[in-house]
Amino acid sequence: MPNSLIFNAPFNNLSFGQVSYNIARELFKKDIDTYILPFGQPNLAAYPKDDVASWIKAGCERGLKKFNREIPTLKMWHIQGSEQSPSKRQVLFTFHETDEPTAEEINIVNQQDFTFFSSTYSRDNFADAGAQNVGNVGLGFDSDILKDGTSRKASPITHWILVGKCERRKNTAMILKTWVKKYGKNPRHSLTAVIFNPFLHQRDPHAHEKMLAAVFEGKPKPFNVQIFNPLQTNVEINQLYNNADIDLSGFSNAEGWGLPAFNMTALGKWSIVTNCSSHTDWATKENSILVNPIGKQPCYDDVHFFKGHTFNQGNVFAFTEDQLSNAMDIAAQKAKTVNTEGVILREKFTYAKTVETLLEKVL
């Protein structure tokens with residue numbers, strides 16, 4: 001079945017799910033005969049109720065009934081858990097952030113027929129450590145974001161956003177603290193943060209409240225700061241992106257890609273982006289406010305990264321609050337201007353190109 005594949009991937013409103021959905025949409029457009037084996041219970045509530053959603057549901061329903069080991073698999077998942085394959089041939093598309101691939105990770109990668117990482121940085125780390133048959137492919141701009149429209153009534157208020165899991169690697173607390181010091185209670189600036197981390201919440205139901213209490217130093221939240229749990233639909237996320245001026249999520253110690261910063265930049269907005277890991281594949285001094293690392297630091301946070309474990313070991317990059325503060329000054333000056341170099345990313349990085357590259361190794 002040369003035009004058939006098994007798509008083994010998660011479908012939800014998290015970043016992995018967003019990528020899976022966009023890959024599935026391109027497979028649908030190409031009329032690829034697809035047997036979907038989802039990780040966990042599929043949840044398409046965040047996405048439009050259209051032909052693509054119906055196609056995904058149908059693919060899931062027939063996946064276990066009809067798949068066989070002669071059909072090649074495209075797996076979209078973490079390295080951990082990718083040691084299993086539903087077919088004789090499997091191509092893995094994965095994300096990785098740290099700089100020290102473990103022996104177990106390398107072995108799992110070497111058992112794939114081919115492994116795509118989402119960044120040149122991860123590809124090179126694994127190749128240097130002895131991984132075979134590895135490459136990289138970038139993500140794409142989600143064209144649905146444009147459906148909300150980019151023309152907004154001009155506002156004198158500079159709207160900053162921070163979207164992504166509350167996480168040490170993402171510098172969530174540092175970003176909030178720095179912004180509040182500079183712009184808290186300043187009516188010319190506002191911040192919307194969508195930062196809920198379900199894994200952190202499972203470990204400590206009060207973890208987010210404790211973090212925010214430390215950020216606000218025990219004082220009431222400034223009137224110009226809004227904190228939200230995850231938005232439930234992509235329509236809401238798109239409205240947030242289109243109403244914002246500046247993205248802060250790119251000030252991260254390491255990323256597998258960083259969808260909010262990338263999408264905001266491609267919308268013609270401004271993002272503060274660390275010049276490291278996957279960011280170097282798309283962020284430039286022309287389209288982003290780049291911040292260079294001062295070195296590296298251990299990745300361990302005892303939530304997502306545990307020292308001495310089999311997976312996700314090593315270091316991420318390091319940055320300072322002063323660097324972020326200086327970048328905020330630059331961003332504030334650019335906020336109301338169109339990022340014309342950022343808009344170019346819409347054509348340079350598309351999911352159609354992503355899927356074409358993946359299919360070269362799968363089919």
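Of all residues in the range 206-220, those that are surrounded by 13 or more Cβ atoms within 10 Å (Cβ to Cβ) have Cβ atoms under 7 Å from Cβ atoms of residues that are in a loop (DSSP other than H, G, I, E, B), 6 or more apart or on another chain, in H208/C166; H208/F196; M211/C166. Taken together, the criteria exclude P187 from residues that are at pLDDT 95 or above and in contact with a Lys or Arg (Cβ under 9 Å, 6 or more places away or on another chain). In the range 233-252, what residues are under 14 Å from the mean Cα position of the chain (by Cα) and closer than 11 Å to T192 by Cα? Across the range 233-252, the qualifying residues are D247, L248. Number of residues in the range 79-101 that are in contact with a Ser or Thr (Cβ under 6 Å, 6 or more places away or on another chain) and under 20 Å from D301 (Cβ atoms) equals 3.
The single condition from (1) part of a loop (DSSP other than H, G, I, E, B); (2) within 30 Å of F349 (Cα to Cα) that E236 fails is (1). Pairs meeting the criteria (first residue in the range 1-26 and under 21 Å from N197 (Cα atoms) and without any contact (Cβ under 8 Å) to a residue 60 or more places away in the chain, second residue among the hydroxyl-bearing types (S, T, Y) and part of a helix (DSSP H, G or I), beta carbons under 8 Å, at least 6 apart or on different chains) are F11/S20; F11/Y21.
Residues in the range 85-109 that are in contact with a strand residue (DSSP E or B) (Cβ under 9 Å, 6 or more places away or on another chain) and either under 17 Å from T310 (Cα atoms) or among the hydrophobic types (A, V, I, L, M, F, W, C) (or both): V91, L92, F93, T94, F95, H96, E97, T98, D99, E100, I108, V109. Is the range 277-293 home to any residue that is at pLDDT 95 or above, under 20 Å from D124 (Cα atoms), surrounded by fewer than 19 Cβ atoms within 10 Å (Cβ to Cβ) and more than 19 Å from the chain's Cα centre (by Cα)? Checking the range 277-293: at least one residue is at pLDDT 95 or above, under 20 Å from D124 (Cα atoms), surrounded by fewer than 19 Cβ atoms within 10 Å (Cβ to Cβ) and more than 19 Å from the chain's Cα centre (by Cα).
Taken over the range 1-33, the criterion of being part of a strand (DSSP E or B) and within 17 Å of R89 (Cβ to Cβ) is satisfied by S4, L5, I6, F7, N8, A9, D33. Tallying residues that are under 18 Å from L5 (Cα atoms) and in a loop (DSSP other than H, G, I, E, B) within the range 39-71 yields 5. Yes or no: I36 part of a loop (DSSP other than H, G, I, E, B) and in contact (Cβ under 8 Å) with a residue 24 or more places away in the chain? No.
Filtering the range 331-347 to residues that are outside any loop (DSSP other than H, G, I, E, B) and loosely packed, with under 13 Cβ neighbours inside 10 Å leaves Q333, T340, E347.
For first residues located in the range 179-193 and outside the structural domain of P222 (by TED's automatic domain parsing), partners that are among the aromatic types (F, W, Y) and crowded, with 19+ Cβ neighbours inside 10 Å and lie 6+ apart or on another chain with Cβ distances below 9 Å do not occur. Note on the range 294-309: residues that are of a type in the set (V, I, T) and surrounded by fewer than 13 Cβ atoms within 10 Å (Cβ to Cβ) total 1.
The values are calculated or read from the model by the stated rules, or taken from the named source; none is laboratory data. Please read these numbers as outputs of a predicted model, since none were measured by experiment. Virtual Cβ from ideal backbone geometry, glycine too; neighbours counted across all protein chains shown.
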